[in-house]
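Single-structure report; data block below.
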Amino acid sequence: MLIVGISGSPKHEKSNTQFLLSKTLEAAAQTYSETDTEPIETLLINISDYDLRHCTGCDTCVRKKPCPQSELDAMHTLEEKLREADAIIISAPSYFTSVPGVLKDFIDRSRAMKMLNHQLKDKVFGAITYAGLRYGGQEHVIDVLNRYALGQGMIVVGSLGNPVRDGTFGSGSLQTDDGNWRSAANDELAIEGSVLLGQRVVNVARRIKHQGAKQ
């Protein structure tokens with residue numbers, strides 16, 4: 001089983017969303033099952049490591065032909081990794097209450113994967129976000145990511161933690177409730193939500209994979 005995590009931040013090691021994504025993937029890799037001993041592989045992709053051109057709206061993919069932009073950049077490499085995945089988790093910071101431009105380019109360009117036979121259908125999907133402010137657009141970022149996944153035919157899941165303590169996805173903020181500042185490494189609820197999401201993604205992906213094997 002392969003769980004692919006996409007960090008949708010222009011930053012790398014200093015990215016809070018990448019930190020939470022790494023915690024999610026660690027939890028996914030360690031999710032134990034008495035009935036399934038198959039190893040779980042994880043792959044973290046920094047979207048900013050890839051040179052992606054803008055979608056031009058040429059609609060070549062609508063006519064069931066490969067995107068002409070993919071001959072000029074690294075989108076085809078990302079497509080290969082996503083096709084291999086059983087589950088995909090995207091983490092994105094809130095940039096003016098939406099996803100960063102580098103991630104939006106990926107979202108737009110992956111339209112071809114939908115048009116050319118729904119290549120991401122039935123893959124399990126989870127979302128993570130982080131913002132500067134306590135109320136900095138986190139819910140909207142998650143909504144953007146979940147609607148993207150639904151548009152691709154993926155299966156969107158959330159975490160199953162304590163219903164009165166834990167959220168349904170990894171989320172937090174640099175700003176604390178008293179107006180001070182921290183990093184994601186000191187945001188316990190954000191880390192816990194991310195861990196729970198990683199576990200949930202694996203458990204659902206396992207059930208789908210086993211069901212498919214029985215059919």
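For the reader, a short list of remarks on this structure follows.
- Scattering from the range 1-88 was approximated by placing one identical point on each alpha carbon and applying the Debye formula without solvent; log10 I(q)/I(0) at 0.14 1/Å stands at -0.63.
- Selected from Val99, Val164, Val141 as most flexible by GNM, with the chain as the system and alpha-carbon contacts under 10 Å: Val164
- DSSP H segments from the chain that extend 27 Å or more along their own axis, Cα-based, with Kyte-Doolittle mean of -1.0 or above: 188-214
- Among 172-178, 130-136, the order from most to least packed when residues are scored by Cβ within 10 Å on average: 130-136, 172-178
- Which of Lys104, Lys81, Lys64 has the fewest Cβ neighbours within 10 Å, and the rest in rising order: Lys64, Lys81, Lys104
- Gap separating the Cα centres of the range 29-108 and the range 141-198, nearest whole Å: 19 Å
- By the beta-carbon count within 10 Å of each Cβ, the least crowded to most crowded order of Arg147, Arg200, fewest first, is Arg147, Arg200.
- D by Stokes-Einstein for the range 2-214, Kirkwood Rh over Cα pairs, 25 °C, 0.890 mPa s: 140 µm²/s.
- Considering only alpha-carbon pairs that sit under 8 angstrom and 6 or more positions apart, the relative contact order computed for the range 48-164 is 28 percent.
- Relative contact order (%) - criterion: Cα under 8 Å, at least six apart; region: the range 2-214: 25 percent
- Note on Leu116, Leu197, Leu72, Leu25: ascending count of other Cβ atoms within 10 Å places them as Leu72, Leu116, Leu25, Leu197, the fewest first.
- DSSP bridge pairs, the chain: antiparallel proportion in percent, nearest 5: 10 percent
No lab work stands behind these numbers, since they all come straight from the coordinates. Remember, it's a predicted structure, so these values are computed and weren't measured experimentally. Positions of Cβ are backbone-derived with ideal geometry, glycine not excepted, and every protein chain shown enters the neighbour counts.
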